[in-house]
Every structure is written in C-alpha cells, then in structure tokens.
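K.L.:
Take this structure first; my questions come after.
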Amino acid sequence: MKNEKILLGHGSGGKLSHTLIQEVFVKYFSNTILDNQTDAAVLDIDSKSISLTTDSFVVDPVFFPGGNIGKLAVCGTVNDIAVSGAKPLYLSSAFIIEEGFPVEDLTEIVKAMAEEAKKAGVKIVTGDTKVVDKGKCDKIFINTTGVGTIDESRKHIGSGSKIEPGDKIIINGNIGDHGMAIMSARNDLKISAPIVSDCACLHNLIASALNVSDSVKFIRDATRGGLATVVSELVSTKKFGINIDEDKVPVLDSVRGMCELLGFDPFYVANEGKFVMVVGKDDAEKVLAELKKNEFGKNAAIIGEVVAEHPGKSIVKTGIGGTRILDMLSGEQLPRIC
C-alpha cells in the first residue's frame, strides 16, 4: 500500500478496510488487547477510580517541526490524564481521513503514534476508521480517548480545591514553542533559528513530582490559550488571586522574537509539553529540583504565587515594573494548533 491513496472504499468495512486496518493500524499498534479485534476492548483495571478523557486533533499542517498529528494525539491525551494526578494506561484512537490522503503519510502518522505510546508505556487498544469525500475534511482528523487509574489521595489535583494563599506557581519549561512552530510551518517562514514543537508526554515528569511531595495541589497542561488562560481559569471562581513575575517565565529568544515580529503574546501561545503546577510553599523548591532532573523539566521555574489579594484575578508584574491583568484568550489567536 506504500504508494496508494486513501479511497472511499477504505472506509466501507469491506476488503479494502480490512487491508488498511491490517497493513497499517494493526501492524504498528499491535498488542494482546488490540489483536483480538473485538468491537470493544476488555480492560483489566486494578483501581477503585479511573480518570477518563477524550480529545480531537485537527492540527494544520499535520507534519510540523518536532512531530506530527499522530504524536500530538498521543501526547495530548496522555498529558490530560497525567495532569489529573492519574497514571495513563490505555488509549483508543479514531481516524477521519479525507479521500486521496497518501497511505505513506498515514503510515508515518500511525508509526509516530505507536512509537510515542510505547515510550509512554500506554497501549492503544481499540479504534475506528472513517473515510470522507475529498473536501469534506482537511487531510486527517484524529480523536483519542485515554483511561488511567488515580489514587484517592490525588483526586483534588484536577480541581485545585486545596489551593491556598502562599502556594507557588511552577512552569516546567519554555512557553510558546508549539504555537510558533506551527505558525512557522503553516506559513513556511524562513527563520534563521528554527523553532521546534515541545510536543511530549509528561506523565513520568509529573509522577516524579508527585513522588517527592504530597503538596502538589493543581496541575493543568497549558495548551490552547497558553499559560495566561490556565491561570485565568484557575482563579476565575476562586477566593484568591495569582501574581506572576514576567521576568521569571522562561521564553526562548527565537520564540520571543517571532512573537514580537508577528504581534503575539507568548503568554497566550499554545504549548504541547508544558504544564502549570501549584505546589505548597514549603515543598516548591524540592519539587522544582526534581523537575529539573528530567529533560522535559530542565528549564522549569517558579514563576509566581497564590495571593489573598485581588481574588479572581491573575496579575503579571512586567519587566519594566508595571502590572497587567491576565485574562482568558478572547477569540482565536492561532487557528488549528492541535
């Protein structure tokens, strides 16, 4: 099938569908659960509670510096499970493919998903494939669902219900890389210092922090809407505020320069390998030191704190000594970033 294009018949459920499933999906996703090829995967989960998430990926372009839509689908879903304080275990994956899409490109995407899932220690156990008429979708869309187990003592992390004034805000590295990498690839910008997406599975990094501290009170991945939207959402209905020190937020010079050139604010640019973590003040330095041991946390920094003042608002102290309010992203800054 190497030089073939996707045909409507590949989504018919007949012989072409069977060939596509066997030669592409089963070939790379193969595991003891998926290989049964039943309509529903039967999973053994040793836990009282599970974490469940679902997400769809429509990024344009589907191949970009640092990854492709397949890697993004696995990383994004694994991270959504991990930031809830859970351990990711299983993924489902459903593909909507435009007629005429090259099988070679599909294979590259599926291989990237398989490789990332293997590195993350999760299994893709069930899925679906649909083919639509040319022009009815843009190349390929992927929907993934993730399942993980969560300890009772960590259920509060997703909601941030135990946050209190004095807690510290940590970011695990440079912001804005993914959004600017997509912008550069989409518009074929010839920049002197190429920007690579930060797309990565962060569950092992998060687990290392949870293992050294019981004071991790909140985690959220800073994807669409960026850092600004995460902290704005966090305080919007709370009786506390957040102060962020702009000078402490790590941003690559190439990303900052591109943002200035194109009129973007790095605080609102999407990431696919960054999370915002709230940690009790006494454990913040210990957690930071642990994060820095990992390649995906080597540029981690404490960037602010939770305060009793200005409840419901996030305030940034700027590099020139002023302040500004961080609000949620209004409208669409970078379309189809994930």
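K.L.:
Can you tell me which of 255, 276, 251 is of a type outside the set (Ser, Thr, Tyr) and assigned to a helix (DSSP H, G or I)?
P.N.:
255
K.L.:
Could you tell me whether segment 112-120 includes any residue that is crowded, with 20+ Cβ neighbours inside 10 Å, basic (Lys, Arg) and under 23 Å from the mean Cα position of the chain (by Cα)?
P.N.:
No: segment 112-120 contains no residue that is crowded, with 20+ Cβ neighbours inside 10 Å, basic (Lys, Arg) and under 23 Å from the mean Cα position of the chain (by Cα).
K.L.:
Still on this structure: Is it the case that residue 51 is out of contact with any Cys (no Cβ under 8 Å at 6 or more places or on another chain) and more than 30 Å from residue 186 (Cα to Cα)?
P.N.:
yes
Rundown of residues vs (1) under 19 Å from residue 83 (Cβ atoms); (2) in a loop (DSSP other than H, G, I, E, B); (3) outside the structural domain of residue 80 (by TED's automatic domain parsing); (4) modelled with pLDDT of 95 or more, yes/no style:
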{"position": "106", "(1), (2), (3), (4)": "no, no, no, yes"}
{"position": "111", "(1), (2), (3), (4)": "no, no, no, yes"}
{"position": "114", "(1), (2), (3), (4)": "no, no, no, yes"}
{"position": "119", "(1), (2), (3), (4)": "yes, no, no, yes"}
{"position": "124", "(1), (2), (3), (4)": "no, no, no, yes"}
{"position": "128", "(1), (2), (3), (4)": "no, no, no, yes"}
{"position": "131", "(1), (2), (3), (4)": "no, no, no, yes"}
{"position": "138", "(1), (2), (3), (4)": "no, yes, no, yes"}
{"position": "145", "(1), (2), (3), (4)": "yes, no, no, yes"}
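K.L.:
Might you check whether a residue that is crowded, with 20+ Cβ neighbours inside 10 Å and either at positive phi or assigned by TED's automatic domain parsing to the domain that holds residue 69 (or both) occurs anywhere in segment 178-195?
P.N.:
For segment 178-195, residues crowded, with 20+ Cβ neighbours inside 10 Å and either at positive phi or assigned by TED's automatic domain parsing to the domain that holds residue 69 (or both): absent.
K.L.:
What's the total number of residues in segment 292-326 that are within 21 Å of the chain's Cα centre (by Cα) and either without any contact (Cβ under 8 Å) to a residue 40 or more places away in the chain or closer than 30 Å to residue 262 by Cβ (or both)?
P.N.:
Total satisfying the criteria: 10.
K.L.:
Any residue that is among the polar types (S, T, N, Q) and more than 30 Å from residue 61 (Cβ to Cβ) - is there at least one of those in segment 151-158?
P.N.:
Taking every residue of segment 151-158 in turn, at least one turns out to be among the polar types (S, T, N, Q) and more than 30 Å from residue 61 (Cβ to Cβ).
K.L.:
Name the residue, out of 157, 170, that is more than 15 Å from the chain's Cα centre (by Cα), part of a loop (DSSP other than H, G, I, E, B), among the hydrophobic types (A, V, I, L, M, F, W, C) and crowded, with 22+ Cβ neighbours inside 10 Å.
P.N.:
157
The values are calculated or read from the model by the stated rules, or taken from the named source; none is laboratory data. Since we're looking at a predicted model, the values are computed, not measured. All Cβ positions, glycine included, derive from the backbone under ideal geometry; neighbour counts span all protein chains shown.
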